[in-house]
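Comments concern the structure below.
The values are calculated or read from the model by the stated rules, or taken from the named source; none is laboratory data. Since the structure is predicted, the reported quantities are computational estimates derived from the model, not experimental observations. Please note: Cβ atoms are built from the backbone with ideal geometry, for glycine as well, and neighbour counts cover all protein chains shown.
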Amino acid sequence: MKYKFLLFFLSIVAISSAQIKPSQQWLDQKFSMFIHFGLYSEYGGVYQGEPVKRGYSEQIQSFAGIFSDWYGATADKFNPTEWNPDSIVSLAKQAGMKSIVFTSKHHDGFCMYHSQFTDFNIVDATPYGKDLMKELADACHRGGIEFAVYYSLIDWRFPQAYPISSHNADPITPEHFKYNMKQVREIMTNYGDISEIWFDMGSLLPKQSKQLYQLVNELQPNCMISGRLGNDYVDFSVMADNEYPDYKLGVPWQTAASFFDETWGYRSWQERGSLQEKVDEKIKSLIKVISRGGNYLLNIGPKGDGSIVEFESEALKQIGNWVKTNQEAIYGTTANPFHQIFDWGDITTKGDALYLLVENMPQSEEITLTGYDGTVSGVKLLSDNRTCNFKETKEGLKIQLPTNLTSDNIPVLKVSFRDGFNVRPKTVIKSGLLTTQSATPTYGHSSIDYYGGYKSLISYNWSFETNKKSVKPIIYFSDNEKDKLVSIVIDDNEQQVLLAGGKPKSVNLTKGTVKWGGLYTKRGRGVFGFVEEENGKQITPEEKEANWNNVEVFKYGEKQEVKLNPRGSVIFLQELESTKEQTIAIEVGSGNAVYMLLNGEYITAHFSPERKEWQKEIVFLSLKKGMNQLLIKHFNRFEDTLNYSLNPLNSWEVFSQELQPVTLNRDNVHHISLKLAEPDSKVSPLKLNNVEIKVH
């Protein structure tokens, strides 16, 4: 069983070959250019002679408090005569980038293309008088590079839109939505093939997201649509700005990054620091993304005259030198197939080869690779094809790096195998009982809107060992999972199962085995998906004292309400002491969204697309002996109040259902995956965290 099967096990099957999207070309491109260029570029982050240090510079109108008519008058002098689209395309290609995403319109409402629905555009309102976006689109098509667009769903100029707010995630009025539809239609019609459209901000109703999604698909069926359209209408997920996930995703995804976290648009007074340090930083960021299977979108912010900041241009060229040298390890590769990040760096793979990207060089200049089966036929340094001495030992593959590597920003080694390789499962279960805690999860990135983005669990995967030729699986579940249609794949055999259940079995908590201890709380920070405690570690007493407030009185089992502004969150930390390893059940009540961890490990997270004010669910907790910590983040996106509850259960029900018998393949280790058979979206959360499967 070689590596090709492992791709299935890691849920790359989530990307169906039957789909038009994503194209293999989009998946393989890996590295692209983002361009934030607009009327804001004329300011360069300065207003009335003073640097505007608050907020992104492309949003200077908002953060500097510039009157709309004063800001609009800036168009009278906006004349980017130094703009050279062919040079931009050439620079992107020198950097090794395969596409360009251009800001057709940002939040200020100024169109960098000739829109027929507003005269606030670069043709009608400026001395430049030409369709700058069309110039770039044509240059991309001439230069053999993909052209894509960014489109802001909010618009500070449109009279019937919501006014400027502090968060840019306001609803879209019906009049404004019609305007957006018309502009997206003209963009999708007048600029040739567009490889992706990068929607941003706003908070759309589900029907609005659906209509925009359908419009783009109607006009350009191959155009990839970003998850920031909202409500999980998504062709590729987008992380938060400059976010690098430490987990692998089973859906197409992208990280958008700026050269400097403080801004995307041009900032004249930006402290740029060491060029070499910036080059190294961005190469490492590229590695983080591609080694987890994503595409990296790196931004530049041209000056108001259209010229490129020399620091950014030179950095891209130097990044390009490294990319060109190591392109075999970048384009067309898939994610690190191992279930760990090695101390020395990261990995990509293609065919029968592994590419080791050595970011942290040991003093011994020797690295070790573990966790695979296969025979290594050779190891070489990609930059100059020098061979490396290696030895396969019981501890793993030991590779001695060549000397004199100072010219390599990050050396990349190609490990070739004689007859393919197999990555060993993280865990092989021998008991026959598969729990969600013993599974290898596959994640998506759900996005109701920007603030409602989070890591959504979309499938569970297990490996189990048996010498039997067939198994008769039984699935166990709670009332939460009833009536869900699931897909269960055992080796190559799929069966779809409606979780109906029969008469449930009642389970009672052994009296005196669980003590509910301290309860603590604090306000959450950032977007819904940001939970800093998610690290697999317990919160120390020192951390509790410094960051948490003790809850003296709490009404367990009762619905409670707290006044909380939209986009706010509250986090509870509940301590539970167990006399033994055991599974217990609790009932959790929540509002729009909830995120749960047990002892720092992910249990479940979900956001209600229906924007529910109140929902309850049973949650099984696998407690270890001793002290346990349950963390629950309640997120309030749309309401003025937050509803929540927490109820310890002394008894609960478990349903069981026999599955069809399955004939196993000839290997001793077998693989199972569990996911929804008909999910609302490819990133919809599974919400099957109480399931267990017995194979016997």
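Can you spot a residue in the stretch 113-121 that is under 23 Å from Ala64 (Cβ atoms) and part of a loop (DSSP other than H, G, I, E, B)? Yes, the stretch 113-121 contains at least one residue that is under 23 Å from Ala64 (Cβ atoms) and part of a loop (DSSP other than H, G, I, E, B). Checked against (1) under 22 Å from Ser590 (Cα atoms); (2) surrounded by fewer than 22 Cβ atoms within 10 Å (Cβ to Cβ), Lys624 passes all but condition (1).
Working only within the stretch 511-527, note down all residues that are assigned to a strand (DSSP E or B), of a type in the set (Lys, Arg) and more than 31 Å from the chain's Cα centre (by Cα).
Lys515
Are there any strands (runs of 3 or more DSSP E) wholly within the stretch 583-645 with 1 or more residues that are within 18 Å of Arg525 (Cα to Cα), and if so which? In the stretch 583-645, 593-598, 601-607, 626-636 are the strands (runs of 3 or more DSSP E) which contain 1 or more residues that are within 18 Å of Arg525 (Cα to Cα).
This table checks each residue for (1) surrounded by fewer than 17 Cβ atoms within 10 Å (Cβ to Cβ); (2) modelled with pLDDT of 95 or more; (3) aliphatic (A, V, I, L, M).
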{"position": "Gly144", "(1), (2), (3)": "yes, yes, no"}
{"position": "Tyr151", "(1), (2), (3)": "no, yes, no"}
{"position": "Ile154", "(1), (2), (3)": "no, yes, yes"}
{"position": "Ser166", "(1), (2), (3)": "yes, no, no"}
{"position": "Ile172", "(1), (2), (3)": "no, yes, yes"}
{"position": "Glu175", "(1), (2), (3)": "yes, yes, no"}
{"position": "Met181", "(1), (2), (3)": "yes, yes, yes"}
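Here's the yes/no breakdown for (1) free of Cβ contacts under 8 Å to residues at least 12 places away in the same chain; (2) at positive phi; (3) more than 28 Å from the chain's Cα centre (by Cα):
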position: Phe117; (1), (2), (3): no, no, yes
position: Val123; (1), (2), (3): yes, no, yes
position: Met133; (1), (2), (3): no, no, yes
position: Ile145; (1), (2), (3): no, no, no
position: Ser152; (1), (2), (3): no, no, no
position: Ser165; (1), (2), (3): yes, no, no
position: Asn180; (1), (2), (3): no, no, no
position: Val184; (1), (2), (3): no, no, no
position: Asn190; (1), (2), (3): no, no, yes
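Condition check ((1) under 26 Å from Met97 (Cα atoms); (2) in contact with a Phe, Trp or Tyr (Cβ under 9 Å, 6 or more places away or on another chain); (3) surrounded by fewer than 19 Cβ atoms within 10 Å (Cβ to Cβ)) across all residues:
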site: Pro337; (1), (2), (3): yes, yes, no
site: Ile367; (1), (2), (3): no, yes, no
site: Val379; (1), (2), (3): no, yes, no
site: Lys398; (1), (2), (3): no, yes, yes
site: Pro402; (1), (2), (3): no, no, yes
site: Leu405; (1), (2), (3): yes, no, yes
site: Ser416; (1), (2), (3): no, no, yes
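Evaluation of Lys537 against the conditions (1) more than 20 Å from Leu630 (Cβ to Cβ); (2) at pLDDT below 95 shows that the sole unmet condition is (1). So, Asp86, is that one free of Cβ contacts under 8 Å to residues at least 60 places away in the same chain and in a helix (DSSP H, G or I) or not? For Asp86, the condition - free of Cβ contacts under 8 Å to residues at least 60 places away in the same chain and in a helix (DSSP H, G or I) - is met. Is it true that some residue in the stretch 200-212 is surrounded by fewer than 21 Cβ atoms within 10 Å (Cβ to Cβ), assigned to a helix (DSSP H, G or I) and touching a Ser or Thr at 6+ places or on another chain (Cβ under 8 Å)? Checked the stretch 200-212: no residue is surrounded by fewer than 21 Cβ atoms within 10 Å (Cβ to Cβ), assigned to a helix (DSSP H, G or I) and touching a Ser or Thr at 6+ places or on another chain (Cβ under 8 Å). When Asn168, Asn222 are checked against the criterion of being out of contact with any Gly (no Cβ under 7 Å at 6 or more places or on another chain), part of a loop (DSSP other than H, G, I, E, B) and closer than 20 Å to Gln24 by Cα, Asn222 stands alone in meeting it. The residue that is farthest from Pro411 (Cα to Cα), among those in the stretch 342-369 that are without any contact (Cβ under 8 Å) to a residue 24 or more places away in the chain and of a type in the set (Gly, Ala, Ser), is Gly351. Taken residue by residue, the stretch 349-369 has no member that is assigned to a helix (DSSP H, G or I) and of a type in the set (Lys, Arg). The residue that is nearest to Pro648 (Cα to Cα), among those in the stretch 561-587 that are surrounded by fewer than 17 Cβ atoms within 10 Å (Cβ to Cβ) and at pLDDT below 95, is Glu561. Criterion applied to Val527, Val514, Val507 was being in contact with a Lys or Arg (Cβ under 9 Å, 6 or more places away or on another chain) and not charged (D, E, K, R), and the one residue passing it is Val527.
Of note, Thr103 satisfies the criterion of being crowded, with 20+ Cβ neighbours inside 10 Å and part of a strand (DSSP E or B).
With respect to the stated conditions, Met97 is of a type in the set (A, V, I, L, M, F, W, C), touching a residue at least 40 places away in the same chain (Cβ under 8 Å), out of contact with any helix residue (DSSP H, G or I) (no Cβ under 6 Å at 6 or more places or on another chain) and surrounded by 23 or more Cβ atoms within 10 Å (Cβ to Cβ). Restricting to the stretch 375-399, name every residue that is outside any loop (DSSP other than H, G, I, E, B) and farther than 27 Å from Gln318 by Cα. Correct list: Val376, Ser377, Gly378, Asn389, Phe390, Lys391, Glu392, Thr393, Gly396, Leu397, Lys398, Ile399.
In this structure, is Leu498 closer than 30 Å to Val662 by Cα and either small (Gly, Ala, Ser) or free of Cβ contacts under 8 Å to residues at least 60 places away in the same chain (or both)?
So Leu498 fits the description; yes.
Here Val527, Val489, Val471, Val562 are screened, and the one residue that is farther than 26 Å from Ile584 by Cα, in contact (Cβ under 8 Å) with a residue 24 or more places away in the chain, in contact with a helix residue (DSSP H, G or I) (Cβ under 7 Å, 6 or more places away or on another chain) and β-branched (Val, Ile, Thr) is Val527. For beta carbons closer than 8 Å, sequence separation of 6+ or different chains, a first residue in the stretch 614-642 that is farther than 16 Å from Val594 by Cα and modelled with pLDDT of 95 or more and a second that is in a loop (DSSP other than H, G, I, E, B) and among the β-branched types (Val, Ile, Thr), the qualifying pairs are Lys625/Thr579; Gln629/Ile539. Any idea how many residues of the stretch 464-491 are in a strand (DSSP E or B), among the charged types (D, E, K, R) and over 20 Å from Gln437 (Cα atoms)? Number satisfying all stated conditions: 0. In the stretch 213-234, which residues are free of Cβ contacts under 8 Å to residues at least 60 places away in the same chain, polar (S, T, N, Q) and either more than 18 Å from Ser447 (Cα to Cα) or surrounded by fewer than 24 Cβ atoms within 10 Å (Cβ to Cβ) (or both)? Scanning the stretch 213-234 gives Gln214, Asn217, Gln220. Across the stretch 282-292, the number of residues qualifying as surrounded by fewer than 22 Cβ atoms within 10 Å (Cβ to Cβ) and in a loop (DSSP other than H, G, I, E, B) comes to 1.
Residues that are within 24 Å of Asp343 (Cβ to Cβ) and out of contact with any helix residue (DSSP H, G or I) (no Cβ under 7 Å at 6 or more places or on another chain) occur at least once in the stretch 262-279. When residues in the stretch 236-262 are screened for being of a type in the set (D, E, K, R), in contact (Cβ under 8 Å) with a residue 60 or more places away in the chain and either closer than 21 Å to Glu281 by Cβ or buried (at least 24 other Cβ atoms within 10 Å of the Cβ) (or both), 2 of them pass.
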